[in-house]
1. Taking the Cα atoms of the protein assembly as shown alone, what are Rg (to one decimal) and Dmax (as a whole number) in Å?
2. Just to compare against my own numbers: the Cα pair-distance distribution for the range A:40-120, 5 Å bins, whole % per bin, please.
3. Compute the length gained on full extension between B:Arg256 and B:Ala347: take 0.36 nm times their separation in residues and subtract their Cα-Cα distance, giving the result in nm to one decimal.
4. What ratio of Cα Rg to 2.2 N^0.38 Å holds for chain A?
5. What does the structure give for B:282-289 when I average, per residue, the other chain Cβ atoms found within 10 Å of the residue Cβ?
6. Packing-wise, with mean Cβ within 10 Å as the measure, how do A:101-110, B:268-277 rank, highest first?
7. Please give me the summed charge of the neighbours of B:Thr62: other residues whose Cβ is under 12 Å from its Cβ, Lys and Arg +1, Asp and Glu -1.
8. How would B:Leu263, A:Leu218, B:Leu6 line up from fewest to most surrounding beta-carbon atoms within 10 angstrom?
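The numbers here are math on the coordinates, done by the rules we state, and not lab data. The structure presented is a predicted model; accordingly, all values stated were derived computationally and were not measured. Heads up, the Cβs are rebuilt from the backbone with ideal geometry, glycines too, and the neighbour counts pull from every protein chain shown.
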Amino acid sequence: MNQAQIQIDRVSKVYRRDAIEIPVLREITLLVPPGVFRALLGPSGSGKTTLLNLMAGIDKPTSGRILVGDREVSAMGESELARWRAEHVGFIFQLYNLIPVLTAFENVELPLLLTRLSRKERREHVKTALSVVGLADRIDHYPRQLSGGQEQRVAIARAIVADPAILVADEPTGDLDARSADEILDLMRRLSSEYQKTIVMVTHDPRAAATAQRMVHLDKGVLTPATPHEMMDLRGVRS
Amino acid sequence: MKFFHLVWKNVFRKKTRAFLTMGSIILVMVLIVVLVSLLDALAGEAAMGTLGASRIVVQHATGLSNFLPLAYRQKIEQIPAVLGVAPEIWFGGTYIDQRPEHFFGQLSTDPEIWPLINADVAIDPQQLRAWQSERDSFIAGQQLIDRYHWKLGERIHIQGSYILMDLDLVLRGVYKGRDESNIFFNTKYLENSWAGRSSQTGIFFLRVRTADDVPRVTEAINQMFENSDAPVKAMPEKEFNLQFLEMMGNVKLLVRSIAIVVLFTIVLIVANTMAMSARERVGEIAVIRALGFRSGQVLRLVLSEALVLSLLGGLAGVVVAFPFAAFLVEVMKRSPVAPFAYNFRVAPLTVLTAMAISVVIGTLSGFVPAIRSSRISIVNGLRQVV
């Protein structure tokens, strides 16, 4: 599955806290075509991250179906989901989430430990991934020895090393300065255009959203068209 | 195996904590190895060898404080399978002063029979003959020679306290091998000087043909003097030695109780370390779960960390236990429990037991944190990432 379409069909998500039900997503229907870079915009608490988690298979919908490629992710059990994520999903987090006691190489190697690749093959894959993000010379550096932008690039290398069809990114530039953020967004654009990855990125930042080919807006758990203000922001950024 | 590197790095994530926890495991392992070896020594016949198993001690039925008629010797010698009988008296005098470091066994015996009964110790034949030929001479264990630097021909003075007469003896020989913390001198020295008790002895120490003869001979001796004025209690040498420890109470139960309490404590300490380590990594564990690690794999990773930590501690503990045990043996040789020092050795089975115990410590202490880590909700865990 080098390219995957994400199909979300009337998905709702309700969290329960004691006896109180908190609806987070309401009857969401969305299609992310294969190889498309899509941004998910919306205010805090709108359900962006929840929708991203559902697409990535780390959470389950209360109702509705999620299909990625020809697999119904929402119907998979825990173990099957874990295997599916290892093969098909790459994660990019706002705070990079690298393991501090592992070097850049070892962090990127983590997903490959779940494969049948030999040590030599794993080494080659890791080197390739770190070259793609421009950090081949930082292979033995620990996260504390890297800048924020470099850490996020290592995280991207970790996300792509197993060659997944889908990349999910939750505010990937949220903790970076403008220059580093631009580098990361450029990199993600390349991953979409050159490597045909299907990318879904949650962001508050209109500049980041402008990098994506398409944009979806969430508000109070419902998909809405982008607001005129957001559209103006986007036009301004793109021009 | 490919996950071992990850486990190793996590074990030493916080080096101070890891080394302190390992240190506590090392201490426990040293204690376990020493205690198990001590129990072995108490129960053991290894160092006593086959000869030890064929020796019998006869004492007064009511205890060591009562004496036995010397005339019993001839009767005991008549029992089939008895090879030799030596009367012995515990002199219990004071050498130099009454400080514990100057304590050692001072035993009167028959120098002619002594080599037969103690065939498992080594003594130069010339020195033995010199001791046998001089009534006021003595032989000493190598440990005492090393402690006091006595020279052959040197005279020592021991002040009597338990038996109210003094000893003035000349060193004629040195023996090596078993219980080197005693001196032996001729019973006749007491017979001539100890008014009123010349026809009595403290115990009889005898050797029978084989270990199989011991039950029959002890039974025969007990029956022989059952209805006399001085009934006796005959017992194997090992049982006689254990009496002294039993005076202090049920030593084995005490030792086992200490070991169990210590083990329970260390399980709690390591479990606390593992729980802290796992709690600090909720976010990281959520990340690796998101990357595709299954809950069973996370469980095995965290459990492996506890196992590696406790096995490393166990291994280091066993290594440290050897020199510690050697030191302990040296101390024991200079104490009233010296006979057991010669039985004291760290057996391969003890080492295996210690390593098995460290596996148990690792498993018990890592189990709960591992279960908890494997059940972490990915979504909740990711929220905790800082």
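1. For the protein assembly as shown, the Cα-based Rg and Dmax read 40.5, 125 Å.
2. Going from the shortest bin to the longest, the percentages are 3, 12, 19, 20, 18, 15, 10, 3, 1, 0.
3. Net length gain for the segment: 31.0 nm.
4. 1.00
5. Counting other chains' Cβ atoms within 10 Å and averaging over B:282-289 gives 4.
6. Per-residue mean Cβ counts within 10 Å order the peptides as A:101-110, B:268-277.
7. 0
8. Sorted ascending by nearby Cβ count, the order is B:Leu263, B:Leu6, A:Leu218.
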